[in-house]
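**Q** The structure's right below; bear with me while I get my questions together.
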Amino acid sequence: MLRQPPDRQVSQRQVSEGQVSEGQVSEGQVSEGQVSEGRAPSADVVRFARSVRWCHRATAVLMGMCVATALCLYVPGFAQLAGRRALMVTLHEWSGLLLPVPVLLGLGSRALRADLRRLNRFGPHDRRWLRRARRARRPYPPPGEDWGRDAGKFNAGQKVFAAWIAGAVLVMAGTGLLMWFTGLTPLVWRTSATFVHDWLALTVGVVLAAHLAMAGAQPEARRAMRTGRAGRAWARREHALWEPESERERAESVRPESVRPGSDSGPGPGPARTGEAEGPGDGRGAGAGH
């Protein structure tokens, strides 16, 4: 029996491992020539740009410093361990004031602005996701349930968390300034600001702990934030309404090939695609499916 060439063996392994499905070959998304020559699409998709990842890391560092110094200021055991209270106060104040800076600087990045628009947009699919979470009384699907079909690049839980933490940071910064500059406001204002600041700080700590716990349970999501890439199968399962950039670019590169040479008609101007699939699922149009 003749041995098949190495590139054919590699392509068959890609098909068997799920990197390329037989349906993609039969539907023309991946040509047989690409499969035979080993040029099948990668098993990963680009999820986060470098600017988005660095913005997330810088914000995480500043938030971690805020939480750590707050523990040293309010918990007696940590206060004795740190010792230098004046230094802890200074670090806490400046890390809190600098918290919005990474996002403000990152607004110069097109990728970050696009992700912020996605986070700020709620559609019918997000309401369905939240209804499932309310019925299940948990922010993640129980065993046997799939919520990914109602999620774009960010699911409704991630959107709610981003909106809540952004508002909490602004309130913490405002009340912190009232506590810092004591001569600018009357005593009742400072007392109220201290009450709001302390209790909101406790709530932020609980929410951040839940955020870290959920990140620890999602290795693929951690890899996406660390390297910017995620598995194609994971993206289709957990964020079915999201169409990655690589998917759109490949579709645009394949579309002109569908026009026969000498034909009078060319590819017409189709509907503009955003980061998530258009259709009733996200409330931005009708006619396009998931």
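The values are calculated or read from the model by the stated rules, or taken from the named source; none is laboratory data. All values derive from a computational prediction rather than experimental measurement. Cβ: placed from backbone, ideal geometry, glycine included. Neighbour counts: every protein chain shown. When the accessible area is computed, the model is the full protein with side chains, heavy atoms only, and any ligands, DNA or RNA have been set aside. Shrake-Rupley method; radii C 1.70, N 1.55, O 1.52, S 1.80 Å.
**Q** Please verify whether Ala221 is of a type in the set (A, V, I, L, M) and over 23 Å from Ser51 (Cβ atoms), treating the condition exactly as stated. Walk me through it before giving the result.
**A** Details: of a type in the set (A, V, I, L, M): yes; over 23 Å from Ser51 (Cβ atoms): no.
For Ala221, the condition - of a type in the set (A, V, I, L, M) and over 23 Å from Ser51 (Cβ atoms) - is not met.
Yes/no matrix, rows are residues, columns are (1) of a type in the set (Asp, Glu); (2) touching a residue at least 24 places away in the same chain (Cβ under 8 Å):
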| position | (1), (2) |
| --- | --- |
| Val89 | no, no |
| Ser109 | no, yes |
| Arg113 | no, no |
| Leu116 | no, no |
| Gly123 | no, yes |
| Asp126 | yes, yes |
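**Q** Just the residues that are within 23 Å of the chain's Cα centre (by Cα) and surrounded by 14 or more Cβ atoms within 10 Å (Cβ to Cβ), please, taken from segment 159-191.
**A** From segment 159-191, those within 23 Å of the chain's Cα centre (by Cα) are 159-170; that's our starting set.
Hits for segment 159-191 are Lys159, Val160, Phe161, Ala162, Ile165, Ala166, Ala168, Val169.
**Q** How many of the residues in segment 205-222 are open to solvent by less than 60 Å² (accessible area, probe 1.4 Å) and without any contact (Cβ under 8 Å) to a residue 40 or more places away in the chain?
**A** Applying the first criterion (open to solvent by less than 60 Å² (accessible area, probe 1.4 Å)) to segment 205-222 yields 205, 207-210, 215-216, 220-221.
With without any contact (Cβ under 8 Å) to a residue 40 or more places away in the chain added as a condition, the list becomes 209, 215-216, 220-221.
Total meeting the criteria: 5.
**Q** Another question, if that's okay. Pick out the one residue from Thr203, Thr194 that is over 28 Å from the mean Cα position of the chain (by Cα) and either at positive phi or of a type in the set (S, T, N, Q) (or both). Explain how you work it out, then say what you get.
**A** Working: Thr203 fails: over 28 Å from the mean Cα position of the chain (by Cα).
The conditions single out Thr194.
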